[in-house]
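Encoded as structure tokens, the structure appears first; notes follow it.
The values are calculated or read from the model by the stated rules, or taken from the named source; none is laboratory data. Since the model is a prediction, treat every value here as computed from it, not as a measurement. Neighbour counts run over all protein chains shown; Cβ positions are idealised from the backbone, glycine included.
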Amino acid sequence: MPPALAVHALEKRYGPVHALKGVDLAVQEGELVGLLGPNGAGKSTLVKIAVGLVRATAGRAEVVGARAGSRAARAQLGYLAELFRFPGWYTADEVLSLHQRLTGSEGGTAERGRLLELVALDDSRGRRVDGMSKGMQQRLGIAQALVGSPRVLVLDEPTSALDPAGRRVVRVLLEDLRDRGVSVLLNSHLLSEIELVCDRVAILRAGEVVAAGSPAELSRPRGVELETDEGTRTIDGATREDVPELVAAAVAAGRRVYGARVLTSTLEDTYLEAVGDEVS
């Protein structure tokens with residue numbers, strides 16, 4: 001089986017600006033991959049090429065083996081743009097009905113009800129868009145991306161307008177979709193969300209992937225913190241495997257040990273190391 005979403009040696013130029021410089025990235029079936037990087041790193045360009053809105057200068061992008069932008073690729077893809085707007089006079093139900101017609105979905109009333117329930121809007125089916133909060137509109141946007149049961153979901157900043165409770169709803173939804181085999185590419189500035197939900201992370205800088213791997217793989221050991229009756233000290237370079245020996249040595253030296261903690265860098269630390277002083 002081909003990857004759910006893949007880009008190979010992807011390049012994009014806008015005149016003298018080299019937005020993407022030979023990017024390789026794959027999202028496997030049932031995998032949730034986070035895309036990170038400062039403004040201008042090429043994230044939105046990559047997303048727009050993947051969904052067929054922008055044509056690559058070189059390289060290729062494929063959705064379940066089909067060329068990005070082709071009819072076959074679009075049939076497998078759900079997309080939520082970073083900046084989107086629905087007609088303010090439409091109800092939530094009418095927005096989903098419109099997208100069912102656009103995608104050719106035959107799910108009808110049952111599909112619309114199921115999707116609104118998934119995004120915690122089942123009690124707002126008849127509410128008009130212009131009467132919704134930004135967070136409610138964001139969740140409605142995620143529901144429309146799921147119309148037709150796509151195998152691949154591309155979400156561009158899907159939690160940017162949500163409060164913590166709304167972000168949790170989306171996080172649980174993404175985990176549920178992954179369990180069902182849906183593949184997700186998530187472009188977000190919220191490192192904490194990416195760290196909580198994504199299987200793998202790719203960090204872009206100036207059009208290139210500068211770091212990639214699982215959140216655990218991207219974290220690095222920073223030593224061991226040992227708390228004794230003399231106070232707390234950090235043993236740089238020590239790892240989890242060194243803890244028993246460090247504790248035993250402290251006890252043998254007559255110290256009372258109150259705790260030992262393995263220190264690791266966070267995804268935020270890795271991100272800042274990868275992108276340097278660039279500001280998002």
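Here are a few things to note about the model shown:
- Test: residue in segment 141-162 that is out of contact with any strand residue (DSSP E or B) (no Cβ under 7 Å at 6 or more places or on another chain), on the phi < 0 side of the Ramachandran plot and among the basic types (Lys, Arg): no
- Gly135 of a type in the set (Gly, Ala, Ser), surrounded by fewer than 22 Cβ atoms within 10 Å (Cβ to Cβ) and modelled with pLDDT of 85 or more: no
- Among the conditions (1) part of a loop (DSSP other than H, G, I, E, B); (2) acidic (Asp, Glu); (3) under 27 Å from Ser44 (Cα atoms), Glu106 misses just one, which is (3).
- Criterion applied to Ser183, Ser214 was being under 15 Å from Val27 (Cα atoms), out of contact with any Ser or Thr (no Cβ under 9 Å at 6 or more places or on another chain), without any contact (Cβ under 8 Å) to a residue 60 or more places away in the chain and not β-branched (Val, Ile, Thr), and the one residue passing it is Ser214.
- Looking only at segment 54-67, residues that are surrounded by fewer than 14 Cβ atoms within 10 Å (Cβ to Cβ) and either within 21 Å of the chain's Cα centre (by Cα) or assigned to a loop (DSSP other than H, G, I, E, B) (or both) come to 2 in all.
- Enumerated helices (runs of 4 or more DSSP H) restricted to segment 176-280, each holding at least 2 residues that are buried (at least 19 other Cβ atoms within 10 Å of the Cβ): 191-197, 215-218, 267-275
- Number of the exception - Gly107 against (1) within 17 Å of Leu186 (Cβ to Cβ); (2) surrounded by fewer than 19 Cβ atoms within 10 Å (Cβ to Cβ); (3) in contact with a helix residue (DSSP H, G or I) (Cβ under 7 Å, 6 or more places away or on another chain): (1)
- Output for segment 12-37, where each listed residue is surrounded by fewer than 19 Cβ atoms within 10 Å (Cβ to Cβ) and not polar (S, T, N, Q): Arg13, Tyr14, Gly15, Pro16, Val17, His18, Lys21, Gly22, Asp24, Ala26, Glu29, Gly30
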